[in-house]
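Right, one structure below, let's go through it.
Each reported figure results from applying straightforward, stated rules to the coordinates on display, with no laboratory input. All values derive from a computational prediction rather than experimental measurement. All Cβ positions, even for glycine, are placed from backbone atoms using ideal geometry, and neighbour counts span all protein chains on display.
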Amino acid sequence: MFDNLSKRLGGLLDGLRGQGRLTEDNIKDALREVRMALLEADVALPVVREFIKDVRERAVGAEVAKSLKPGQVFVKIVNDELTRLMGSENAELDLAARPPAVILMAGLQGAGKTTTTGKLGRWLKTSQKKKVLVVSVDVYRPAAIDQLETVAKQVGVDFFPSTSGQDPVDIAKAARAEAELKFYDVLIVDTAGRLHVDGEMMDEIARIHGAVDPVETLFVVDAMTGQDAANTAQAFHQQLPLTGVILTKADGDARGGAALSVRSITGKPIKFLGVGEKLDALEPFHPDRIASRILGMGDVVSLVEQAQEVVDADKAKELADKVRSGKGFTLEDMRDQFSQMLKMGGMSGLMDKLPGMGKLGTDARQHIDDKDIRHMIAIIDSMTPAERQRPDIIKGSRKRRIANGSGMRVQDVNRLLKQYRDMRDMMKKLSGGGMKKMMRAMKGRIPGGLPF
């Protein structure tokens, strides 16, 4: 996410070395670079102009403290302005209304409303501990209602049945009555995709809005449409009182134009980002964290929150106790670590949130592939319980059997066993109080020689 923009802005530090003060002259090239980066990211031109003007006003004349470099001061200003542009802070859902709080999902066809409805239902259930009911009033798209029912089952929220022969307004009213009767905290209404120029369809969603009186009317839009996403949201808002935006497919958007344009053009906050196809791939939109990601400074806070949600705390404590006591680190433990890494979005998901990873070249990033992790899990799954606990017994014939069972080669099994031994040796050093020695030996670098 935001790969292109991060790459362009990543060189800002280098262009301002040795300056004791930021002036119009010495920031000219840096501002030009920022402007080109934003335009290439498909940020709307009026937004770019206003952004550059604000950065210039703050930067010119700014003193550079002895403890800082001029590039760092300039990047701090750009970071602050990016954060302000996207809304300064996370805009939370307004769920303080008398239950049920109704959330109306609107947007174009193909933006991912139905899947996002399921993701939002899951997030409300798991993160906010809400009792959630979902309903589809999309009576036009074949199998739309069935799709939402399937998604609702997968995420564990309740589904209100409807049929394509019913009137959408009547469905919405009946769902609200059901939510009130059975004390649901939240009702999410998934509507049909429509264009803002379609008068009849816009009139329909306005009637649905009037019938259920939602506390949130969220516009779901594909992030990869760039500034068009912001323009479409604005057109919808002129006919429907939107309260926020959900950007879907943000993981496939290397530019970031939608995220940087929506707030400025519509005046409405981005509330969530869809960051993958899985039904847990929805995260609240935090402008300050996104700005840090764009500038290559990582997003450790989101990483920690994600870890708290997906990592099995009991297993993590059990492994930590084993390491401290010096007991053996097994292939079963290694498999658990790989599985939890995949739950957190895999290597690519972690890379977006780790500081300094944006500086890796394209070639280096392309070599980071979650397929390798899945292959290693498949190899371990092909072993017997005894082999996972005592890897030293895995010799020639066992290696061939494991390779055949996992669809891999004997060389792949050997590579896994070597990686396991390296991890086991590192665990032994940790258990022996060798953390300081290991960090000194690494000299501030992460394993593999990549700069951290």
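Computed quantities for the displayed model
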quantity	calculated
Relative contact order %, the range 101-296, counting alpha carbon pairs below 8 Å whose residues are six or more apart	24
Neighbourhood net charge (10 Å Cβ-Cβ; Lys/Arg +1, Asp/Glu -1) for Ala111	+1
Extension gain (nm, one decimal) between Arg98 and Arg390, 0.36 nm per residue minus Cα-Cα	99.3 nm
Under-5 Å amide H pairs with Leu282, H placed in peptide plane, nonlocal only	Val275
Neighbour-count ranking [beta-carbon atoms within 10 angstrom, fewest first] of Arg176, Arg98, Arg32	Arg98, Arg32, Arg176
Violating pairs (Cα-Cα greater than 19 angstrom) within the set Lys113/Lys182; Lys182/Lys278; Lys125/Lys249; Lys131/Lys153; Lys119/Lys182	Lys113/Lys182; Lys182/Lys278; Lys125/Lys249; Lys119/Lys182
Cβ-based exposure ranking for Lys271, Lys119, Lys125, Lys371, in which fewest neighbours within 10 Å come first	Lys371, Lys125, Lys271, Lys119
Low-density loop cleavage sites - chymotrypsin sites (Phe, Trp or Tyr not before Pro) in the range 170-226, where at most 11 other Cβ are within 10 Å (DSSP)	Phe183
Spin-label model distance (nm) - Ser164 vs Gln419, 7 Å beyond Cα toward Cβ	4.7
Antiparallel DSSP beta bridges within the range 101-296, as percent of all bridges there, nearest 5	10
Table column - 3J(HN,Hα) (Hz), the range 177-184, Karplus curve with 6.51, -1.76, 1.60, x for Gly and Pro	4, 5, 5, 5, 5, 9, 6, 6
For Ala101, distant residues with modelled amide H under 5 Å away	Val186, Leu187
Dipole magnitude of the range 101-296, debye to nearest 20 (Cβ charges: Lys/Arg +1, Asp/Glu -1, about Cα centre)	680
Extension gain, Arg207 back to Glu89 (0.36 nm per residue minus Cα-Cα distance, nm)	39.3 nm
Net charge of Cβ neighbours under 14 Å - reference Thr163; Lys, Arg +1; Asp, Glu -1	-4
Cut-off under 5 Å, modelled amide H: who pairs with Thr248 long-range	Val221, Asp222, Ala223, Gly274
Largest to smallest principal axis extent of the C-alpha atoms in the range 93-225, angstrom	37, 32, 26
Per-selection Kirkwood Rh - the range 186-244 (Cα, Å, 1 d.p.)	12.1
Nearest-0.05 FRET efficiency for Ala235 and Asp25, computed from C-beta distance (R0 60 Å)	0.90
Derived scalar couplings ³J(HN,Hα) [the range 79-96; Karplus, 6.51 cos²θ - 1.76 cosθ + 1.60; whole Hz; x for Gly, Pro]	4, 4, 6, 4, 4, 4, 4, 8, x, 6, 8, 5, 8, 6, 5, 8, 10, 7
Residue order, fewest to most beta carbons within 10 Å, for Asp222, Asp25, Asp381	Asp25, Asp381, Asp222
